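What follows is a single structure, written as structure tokens, with notes after it.
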Amino acid sequence: VQLQASGGGLVQAGGSLRLSCAASGSDVDIVTRGWYRQAPGKQRELVALITASGTRTYADSVKGRFTISRDFAKNRVDLQMNILKPEDTAIYYCNAETWRGDSYWGQGTQVTVSS
């Protein structure tokens with residue numbers, strides 16, 4: 001499985017961005033798709049997760065502002081980010097995990113929110 005993330009950029013606080021993660025290769029074993037982020041000097045953290053059945057999980061810090069969605073036909077997962085805050089600034093990574101526990105990562109896309 002190869003993951004390609006896109007959609008990052010620079011935005012002012014209060015603005016919006018939409019990240020996309022396209023997957024190529026076989027996805028029959030994938031059970032979860034998600035987005036993580038890593039800010040400078042901090043550990044990588046979960047932002048949002050969606051399971052094959054559509055169950056969504058969000059970090060408390062993004063609840064009500066971010067929405068994760070999955071397009072099965074395009075094999076893509078998007079992260080709509082609204083009301084962005086400077087503390088959302090980070091490199092965002094998309095992830096896919098299989099039922100075997102294999103984990104795949106995209107290359108990361110920079111999101112910078114200016115105050």
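Carbon and sulfur: what percent of the chain's accessible surface (1.4 Å probe)? Please report the intermediate quantities before stating the final value.
Working: 3000 of 6000 Å².
Whole-percent figure for carbon plus sulfur exposure: 50.
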- Query: List the lysines whose alpha-carbon lies under 18 Å from that of LYS85, not counting same-chain residues fewer than 8 positions away?
  - Reply: LYS42, LYS63
- Task: First measure r as the distance between the Cβ atoms of PHE72 and LEU46, then evaluate 1/(1 + (r/R0)^6) with R0 = 22 Å and state the FRET efficiency to the nearest 0.05.
- Result: 0.50
- If each of SER26 and ILE83 carries a label point 7 Å out from its Cα toward its Cβ, how far apart are those two points in nm? 4.3 nm
- Item | Net lengthening on full extension, GLN38/LEU10 (0.36 nm per residue, minus Cα-Cα) | 8.5 nm
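To the nearest 0.05, what FRET efficiency results for THR55 and THR98 with a Förster distance of 25 Å applied to their C-beta separation? Mind showing how you got there, number by number?
Working: r = 17 Å, r/R0 = 0.67.
Efficiency at R0 = 25 Å is approximately 0.90.
Rounded to the nearest 20 debye, what is the charge dipole size of the chain about its Cα centre when +1 sits on each Lys and Arg Cβ and -1 on each Asp and Glu Cβ?
Values: 13 positive and 10 negative charges, 40 e Å.
About 200 debye.
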- Note on the structure: Scan of the chain for trypsin sites (Lys or Arg not before Pro) in DSSP loops with at most 16 other beta-carbon atoms within 10 Å gives a longest site-free stretch of 1-41
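Return one whole number: the accessible area per residue of the chain in Å², for a 1.4 Å probe.
Values: 6000 Å² over 115 residues.
On a per-residue basis, 52 Å².
The values are calculated or read from the model by the stated rules, or taken from the named source; none is laboratory data. Every value quoted in this text rests on a predicted model; they were computed, and no experiment measured them. A quick note on method: Cβ atoms are made from the backbone with ideal geometry, for glycine too, and the neighbour counts reach across all protein chains shown. For accessibility, only protein heavy atoms count, side chains too; no ligands or nucleic acids. Shrake-Rupley method; radii C 1.70, N 1.55, O 1.52, S 1.80 Å.
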